Amino acid sequence: MHAIFRTFGACAAAAAIAGVCALPASAQTADFPNKPVRIVVTFPPGGSADAVVRMLVPRLNEKLGQPVIVDNRPGAGGNIGLTVVAKAAPGDGYTVGVGAAGALSANASLYEQMPFDPVKDLRPVSMLAAIPFVIIGHPSVPARTLRELIALAKSQPGKLSIAHGGNGTAMHLTSALFAQMADVKLVEVPYRGSGPAALDVLSGQVPLAVVDLPSALQHIKAGKLIAYGVTSPRRLPMLPDVPTVAEAGLPGYDSTGWFGVVAPAGTPPAVIARLNAEITAALNDETIKTNMRNLGVEPAPGTAESFEAYIKSETDKWARVIKTANIKLN
């Protein structure tokens, strides 16, 4: 007992003189945040991820009691923005990032050299949203179901073209997974985004595409595009009559885009828990949920631990797909 008091007294004396004794972690983070928090978004303004973050900001401002500043850093498949986050020092929660499936799971297999290690340099905070894709076709394609499309592709190996939102994107990998599971050869046509790909299918410039829902929804409902299947494991409320790819002919198929919040390695667990709690509460707000679904994205709140496990499973899955398809980016 006396030894404990002597140790404490010595520490207190030293701290008074030189500030050497560290406070417990809980005391260090109890006042978090006490200055603005920066969210580095790895997409340009106007995209779905940026829009979702900006939906959350007013609530986070209120609950955290500090300004939350959005800093858009797009480029290199998300690597540019997440490098900023990974190298932020110290890891105290005042700089966090929003990354997607590419930068957090697939890029390690796509790029020969990465500017950061997604596992060692970042800590998952919370998943934000899931983004289902849809395989679409021009009405001139002589196939009305996914099974018919697979049969058509098998009869014309290497002749059917399929557009997607760009090399290395989740839509590209979704297309590659489809081709592998269906055992068909398609000509991949990369575009600069989902919107331009959908428009070129609409005009008949390319017969097929994998796109996000907002790019194609109104045209599918108007009968101007064929929807062969949604790539998520469940049907979508916006397209209740369109089967999943798994239902339509490829059992076990699942490819969903997603994005979430990560922090630099070394961020205290208490800070991650606080951020996760506030983000989860915001994602469960009915108005925010409705607004997100109107964008074609599904709120996906969860724990930091479940997000970490999901990132690992996605990393393993896409590594296999990328190796089989021999996809590489410089």
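The table below gives the values:
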read-out: Using a Förster distance of 51 Å, the FRET efficiency for N34-R147 (Cβ separation, nearest 0.05); value: 0.30
read-out: Relative packing of 42-55, 236-249, which averages over residues the other C-beta atoms within 10 Å, highest first; value: 42-55, 236-249
read-out: Projected label distance in nm at T324 and T303, using a 7 Å step from Cα toward the beta-carbon; value: 3.2
read-out: Around G65: net Lys/Arg minus Asp/Glu count, Cβ-Cβ under 14 Å; value: +1
read-out: Compactness of the chain - radius of gyration and Dmax, Cα, Å; value: 23.0, 87
read-out: Förster radius 22 Å - calculated FRET efficiency between V70 and R293, Cβ distance, rounded to 0.05; value: 0.55
read-out: Student exercise, segment 101-197 dipole from Lys, Arg, Asp, Glu Cβ charges, in Debye to nearest 20; value: 280
read-out: Full-stretch length increase - E62, K159 - with 0.36 nm per residue and alpha-carbon distance subtracted; value: 29.4 nm
read-out: Sum of -39500 (n - 2.57) over DSSP H runs of 4+, divided by residues of the chain (222 nm, nearest 500); value: -13000 deg cm²/dmol
read-out: About the Cα centre, charge dipole magnitude for the chain (Lys/Arg +1, Asp/Glu -1 at Cβ), debye; value: 280
read-out: Sparse-neighbourhood loop sites, trypsin sites (Lys or Arg not before Pro) in segment 116-177 - DSSP loop, at most 12 other Cβ within 10 angstrom; value: K120, R144, K159
read-out: Net charge over other residues, Cβ less than 15 angstrom from the Cβ of A76 (K, R count +1; D, E count -1); value: +3
read-out: Proximal charge balance of A216 [Cβ under 14 Å; K/R count +1, D/E count -1]; value: 0
read-out: Extreme residue, positive dipole direction of segment 132-248, given options L225, Q180, P196 (C-beta unit charges); value: L225
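Each value in this text was obtained by applying a stated rule to the coordinates, not by laboratory testing. The shown structure was predicted, so the numbers you read here are calculated from the model rather than taken from an experiment. No Cβ is skipped: glycine too gets one built from the backbone with ideal geometry, and neighbour counts run over all protein chains shown.
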